[in-house]
Amino acid sequence: MDLALHTTIHPGIRPFLKEWYESVCEQTDLDFDLWIGIDAMSVDEARTAMGAQPEAHWVKSEEGDTPAQVRERTWRALLPHADAVVMADADDVLHPERVQHAREQIEDNDLAGCALRLIDPEGDYLGHTMPPERYASAERALPAYNIFGLTNTTHHSSLLKEYLPLPKEVMLVDWYLATRAWIEGRDLLFDQKVQMEYRQHGGSTLSLLPPFTSEQIREATRVVRQHFRVILENPPSDVRKERWKRLKQAANRVRAFANHAFTSSAWLNQYTKKLNQLPPLPLWWACVAHPDLEFLWTQSTPSE
């Protein structure tokens, strides 16, 4: 099986590129092509930050590209040359057996993921892995939350080809791809063996760990609501009815939460305070409509 290892580089992750590329070079399975989408940087700048001259296929963004379009541009270039694509963000660190593990996972699956160990900007362990054990499968996590990111997954090329072009409104590409594959009944596998170090830093889309601010929750709610809107407005032609029903239920839950979050700053501040008092739930987008705080939006009206 021909593998591509894909990442996207931009100025915000410059400090971490050297460590990322070193982890790429330390793979037990080096039989892959490296494809790098590059945005708002030159190739020379990226090479300097890596401290190396990697053999890679560089795909430059074009003016006006969204983050999703930068990734899609690279995927379109690499898909004719690869049977599967290993995704790894360039501010994270691959464990030595990551590619070998990905190759084994994707043999009989359309989409496969691995667990992540959370680290701080300096690379120190933060004491948590993603996801918690009770959410370590597609059935347990999807559609309400996400465990299949663009740093811990392997996509079969046939799946990516089928799902391109992405809808223009997509913001959360990883969650969109995983949710669509899940509601269509594709083969999804998640292995809780940790194969990635996932860095939490100021440039991260959203921290998985508290403390959160009300502004972060409000913005995350906007993005999550958009995620559900995109899928519901672009339904696949063939869906599993029970999963589609669960998707609608999850969307309605977020809609009810958002009705409170966007209507009352006092309510949102109360929610954020209680959220920060809970034990961490390292799961993508679990800070929105947290399952342990559902009473806050089901037992009150938005004006309260």
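Every residue in segment 41-88 that is among the polar types (S, T, N, Q) and in contact with a helix residue (DSSP H, G or I) (Cβ under 8 Å, 6 or more places away or on another chain), please. GLN53, SER61 - these are the residues of segment 41-88 that are among the polar types (S, T, N, Q) and in contact with a helix residue (DSSP H, G or I) (Cβ under 8 Å, 6 or more places away or on another chain).
Taking the numbered list (1) out of contact with any Ser or Thr (no Cβ under 6 Å at 6 or more places or on another chain); (2) of a type outside the set (Lys, Arg); (3) closer than 16 Å to THR154 by Cβ in turn, TRP20 passes all entries but (3). Evaluation of PRO282 against the conditions (1) of a type outside the set (D, E, K, R); (2) surrounded by 13 or more Cβ atoms within 10 Å (Cβ to Cβ); (3) over 23 Å from the mean Cα position of the chain (by Cα) shows that the sole unmet condition is (3). Considering (1) hydrophobic (A, V, I, L, M, F, W, C); (2) within 15 Å of the chain's Cα centre (by Cα); (3) outside any strand (DSSP E or B), the lone condition that ALA112 does not fulfil carries the number (3). When restricted to residues that are of a type outside the set (Gly, Ala, Ser), touching a residue at least 60 places away in the same chain (Cβ under 8 Å) and either on the phi > 0 side of the Ramachandran plot or open to solvent by less than 40 Å² (accessible area, probe 1.4 Å) (or both), segment 248-277 contains 2. When you check GLY127 against the structure, is it open to solvent by 10 Å² or more (accessible area, probe 1.4 Å) and either farther than 23 Å from GLU22 by Cα or not hydroxyl-bearing (Ser, Thr, Tyr) (or both), yes or no? In short, yes. Return yes when LEU188 is open to solvent by less than 60 Å² (accessible area, probe 1.4 Å), within 16 Å of ALA286 (Cα to Cα) and touching a residue at least 60 places away in the same chain (Cβ under 8 Å) and no when it is not. When the stated conditions are applied, LEU188 does not pass them.
Can you name the helices (runs of 4 or more DSSP H) wholly within segment 1-94 that have at least 2 residues being out of contact with any His (no Cβ under 9 Å at 6 or more places or on another chain), at pLDDT 95 or above and under 17 Å from GLN195 (Cβ atoms)? Can you show your working first?
On the way: elements: 17-25, 43-50, 67-78.
In segment 1-94, 17-25 are the helices (runs of 4 or more DSSP H) which contain 2 or more residues that are out of contact with any His (no Cβ under 9 Å at 6 or more places or on another chain), at pLDDT 95 or above and under 17 Å from GLN195 (Cβ atoms).
Looking across segment 1-53, the residues that are exposed (fewer than 15 other Cβ atoms within 10 Å of the Cβ) and within 20 Å of GLU97 (Cβ to Cβ) come down to MET1, ASP2, GLU22, CYS25, GLU26, THR28, LEU30, ASP31. Determine if segment 273-282 includes at least one residue that is in a loop (DSSP other than H, G, I, E, B) and in contact with a Cys (Cβ under 9 Å, 6 or more places away or on another chain). Yes.
Residues are listed down the side, and each one gets a yes or a no for (1) assigned to a helix (DSSP H, G or I); (2) hydrophobic (A, V, I, L, M, F, W, C); (3) surrounded by 13 or more Cβ atoms within 10 Å (Cβ to Cβ):
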residue: VAL223; (1), (2), (3): yes, yes, yes
residue: HIS227; (1), (2), (3): yes, no, yes
residue: ASP238; (1), (2), (3): no, no, no
residue: TRP297; (1), (2), (3): yes, yes, yes
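The values are calculated or read from the model by the stated rules, or taken from the named source; none is laboratory data. The structure presented is a predicted model; accordingly, all values stated were derived computationally and were not measured. Positions of Cβ are generated from backbone atoms using ideal geometry, with glycine treated the same way; all protein chains shown enter the neighbour counts. Each accessible area value is taken on the protein alone, full model and side chains, heavy atoms only, with ligands, DNA and RNA left out. Shrake-Rupley method; radii C 1.70, N 1.55, O 1.52, S 1.80 Å.
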